[in-house]
Amino acid sequence: MIHRSATRAIKRERRMGLPTLVGRQPHVAYLPSTGHQVVLGTAGTGKTLMAIVRAMYLSNPQVSGSGKTLVVTFNNSLASYLSHLAKGTSSQIDIRTYGRFARGYLASLGAMKNRNDITSPWRRRSLITMAKREVAAHYQPDKFFSRDIDWFQDEFAWITGMGIRTKEEYLRAERLGRKTPLGPSWRGVVWEILEEYRKLRAAAGHMYDWPDIGMAVRDRLKADIRPRMYRHIIIDEGQDLAPEEIRSLVDAVDPDGSITFFGDYAQQIYGQAMSWRACGLNVRHVEQFKDNYRNSTAIANVAIALSSMPFFGKVDDLVAPVAPVSIGPQPTLVECGSKEEEISVIQDAAKRLGSVGTVAVVARTWADVERACRGLGAQKIKEEKHFWTDAPGIYCTTYHSAKGLEFDAVLMPFCGASRMPLPDVVTAFGDSDAAERESKLLYVAITRAKSDLLITYSGEPTSLLPNAPELFVKVKP
């Protein structure tokens, strides 16, 4: 039975024009206002909607135990969408990316003076390159030191994201989610390079970088005796946050309040291949959602087939999706003679579909997005910009920035074998690791579409898409 205060919240939700919660969604939105809650669901199960309605509920003064509520997620495009959903609701709701939360918290302690305190991605790459070169000079030449710099960046992000603080911890750690073997002696070298990088970073005037900021926040919180700012914290797309970032959010909440974690491990594109169980959450029961309310049956079948392929990877908390019953056309797979022909097909479809609904051109990189949408007049959805509108029209974005969003139609250019998986990712991580990483990005892009999905390629199609004739209408221009 739903509590009376929840019934009032439901009426308020309807007045705000939010979609109506269905099935078991109200049960999750109005869970108790104390303790830790974990909600796992496949794409299209309404996790973001439940997160916003739960925030409205927990920030409502008429609800017992209510208070200031933080809704936190990974990227700015999703934070903007969450703000769009929450527009006109309680001033007690604060919607932020994790990065903005962390930066604000450290600034409140005087531990961050300006943006230069966090090294930029390009500067981080340069400093790690310098650190690798410096350490390599003390060893005999070895192919280990010729590994792509992205591999070292990723390994460092894994170390700090796991909250590993000493060389001894790193030597003992099980490298979950790391497909490239690394023996103890080479782990010691990795740690040397990490320490050298930190020295170079400090000398350049950078106190932090984005991958280790969760560790910095958590260290500061341990000594912070001030009352906590938030009584409740809601984490949307939590699988994309590193374990140490989630632990810091657990530390940041009022002990008498609540943490609610919403996630889908099938969409883990930034995360550490880790379960919520290693993130400091104390949960007795996990709520699971399988019913897909977004995608048509035909689109969901493609996503289900993709997530069932051997290279997709498995985690304990992956929720197997259930196909919806909504009607929609069969996804279209277009074989083109060139990338120029792909662009023509994509742009013609975008103009046609964008006149009656929301259509997104979604590509692997921003360079691919720019190429596909040149002259189209599409509105960009970028991670670094707070932006959202759901008016009919043409939008363009990358697989990463599309996370958590939805459109009537999704158009995916350049899905040939030469571009997917991305060659740079294969170079950095090897074939099997790249296949797992890139297939999850494809899953994210595909599941953004409500009713129409069009994928183009030239040359050979990517081997990451399921090769099942019944899933696609295959055509040539």
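One table, with the values for the structure above:
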| item | result |
| --- | --- |
| Heavy-atom SASA rank of HIS400, HIS27 (probe 1.4 Å, accessible area, largest first) | HIS27, HIS400 |
| Stretch gain in nm, segment HIS138-GLU340, where the contour uses 0.36 nm per residue and the Cα spacing is subtracted | 67.8 nm |
| Segment 351-455: GluC sites (Glu not before Pro) in DSSP coil with no more than 14 other Cβ atoms inside 10 Å | GLU384 |
| Rounded to the nearest 10 Å², the accessible area of CYS279 at probe 1.4 Å | 0 Å² |
| Under-5 Å amide H pairs with TYR395, H placed in peptide plane, nonlocal only | VAL359, ALA360, VAL361, GLN379 |
| Helical mean residue ellipticity (222 nm; -39500 (n - 2.57) per DSSP H run of 4+; nearest 500) of the chain | -12000 deg cm²/dmol |
| Accessible surface of the chain, 1.4 Å probe, proportion on carbon and sulfur as whole % | 51 percent |
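The values are calculated or read from the model by the stated rules, or taken from the named source; none is laboratory data. All of these numbers come straight from a predicted model, not from anything done at the bench. Please note: Cβ atoms are built from the backbone with ideal geometry, for glycine as well, and neighbour counts cover all protein chains shown. In case anyone asks, the SASA skips ligands and DNA or RNA and just uses the protein heavy atoms, side chains included. Shrake-Rupley method; radii C 1.70, N 1.55, O 1.52, S 1.80 Å.
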